[in-house]
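Written out below as structure tokens is the structure these notes cover.
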């Protein structure tokens, strides 16, 4: 008996390679279209492998030469890979056409199984299995990833400054909230706490699979809540003690405010020895923490995160556009 061993195939297509290099170089399709004079829709077809939507082959080769030259790639290698992929797609179309054609009826009076017939049957089975495998892979390549939001189900109004977003995506996909990556477990599930700003918050959840295909969900959240800092200051003012015209702060306690600017930022905070509190903060949203000893702040975008200790001026958490880990703020009797 012949047994078959399943192997995972992780091969990038030409379009995936072009898109990966372009994305890593932080170059937009609009910029490439402007420089190369190739229409953006044709560049998108090249990256997605939709060759049937492109003009005749002679123009496509010119597009690829301009695109690869702009990215600093070998035109010869790019054209070779393009020719190979076009050949595979043509062969798949032929196999699909053959499978849909009704075979002629014929009758055999007798059938003697010989080694030659057995070898031929095995070869045919292998060909059919191979064709089926490639057809399935091509189908997966063109399909959009699965994305479902179970909370919230749609546009919603909340009486709070936070919202828990829960959903499921295709296994292996990346999920983004307004462009900010969020954690996804092995089964594709995600649960993210979002800090909202007062008023309308527009949320875009996007799932991208390893083929680069996308699914998007958009919702609007109307947040109506009272300013926590204003409430706290009002309560303190009602019971405050005055010494020579100066307000006496709570002994042994300091306050840290955190807010983000321009774009969403993932932030994790550890107060004294308690566990981490993490969330995605939308631009303009604010969090307030109090501690007796220390507060450690981790931000996914340090230069987009502002902090203020007690009544000091607002400061940027860090100059780097990347991650700042465990930036420490400690109690100071002077403040």
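If packing is taken as the average number of other Cβ atoms within 10 Å across a peptide's residues, how do 309-320, 203-214, 36-47 rank, most packed first? The partial results should precede the final answer.
Numbers: 309-320: 12.8, 203-214: 18.8, 36-47: 17.0.
Put in order of decreasing packing, that is 203-214, 36-47, 309-320.
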Alpha-carbon centroids, the range 16-62 and the range 298-335: separation in whole Å
42
Estimated FRET transfer efficiency (residue 123, residue 90; beta-carbon r; R0 30 Å; 0.05):
0.90
In nanometres, the difference between 0.36 nm per residue of separation and the alpha-carbon distance of residue 53 and residue 193 is 46.3 nm
Two pseudo-spin positions, 7 Å from Cα along C-beta at residue 222 and at residue 12, lie apart in nanometres by 4.6
Once you place label points 7 Å from the Cα toward the Cβ at residue 69 and residue 24, how far apart are they in nm?
2.3
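No lab work stands behind these numbers, since they all come straight from the coordinates. Everything numeric in this text was worked out from a predicted model, so none of it was measured. So basically every Cβ, Gly included, is an ideal-geometry build from the backbone, and we count neighbours across all protein chains shown.
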